[in-house]
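First comes the structure, then the notes that go with it.
Please treat every number below as a calculation from the coordinates, not as lab data. This structure is a prediction, so every number in the text was calculated from the model and none was measured. Note that each Cβ is placed from the backbone with ideal geometry, even for glycine, and that neighbours are counted across all protein chains shown.
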Amino acid sequence: MDTYHIPANYTKAGRLFGLFEIRNTVEAVLIAVPILFLSFTLLPFGLTVKCVAAMILAIPCGGFVLTGLQDDCLSRFLRGYFRWRNGRKELRYRPAGSLGAHRVSEPGASVTGERKKC
C-alpha cells in the first residue's frame, strides 16, 4: 500500500493569500473600482473628504462581494436568484368541491345549465 503526503496548502489552492477565491476577488475589484472612480469625480469636496467618502462606500461593497454569499460568488448567486425568480409559478388553492366552479358556461345557458329556447 502506498502512502501519499498531502501538502498543508492543498485546500488553499486557487485562492488569493489563501483566503479569498480568485473569482470573488475579480468581482470585488469590478464593483469597487467604479465606486472609487465615481466618488472621486462626482463629489464636489476636497481631497480628504473624497477619500473618506470613497472608502466608506467602496470598502463595504468590496468586502461584501469578496466574501460571497452562501459559499458562492456574487454573480453565481444573482444568476441563481434571477433564474428562480423568473421561473417561479403562482400556486392557488382550489378546494376539492370547487373543481367545476371555474367552467365557463355556453352563451344563452341558464344557471341550471338548460338552454333557452327561442
Would you mind counting up the charge near Val29? Only other residues with Cβ under 14 Å from its Cβ, with Lys and Arg at +1 and Asp and Glu at -1. -1
Region 18-72: mean projected area of Cα convex hull, nm²: 4.0
1/(1 + (r/R0)^6) with r = Cβ-Cβ of Val52 and Leu30, R0 = 30 Å, i.e. FRET efficiency to nearest 0.05, evaluates to 0.85
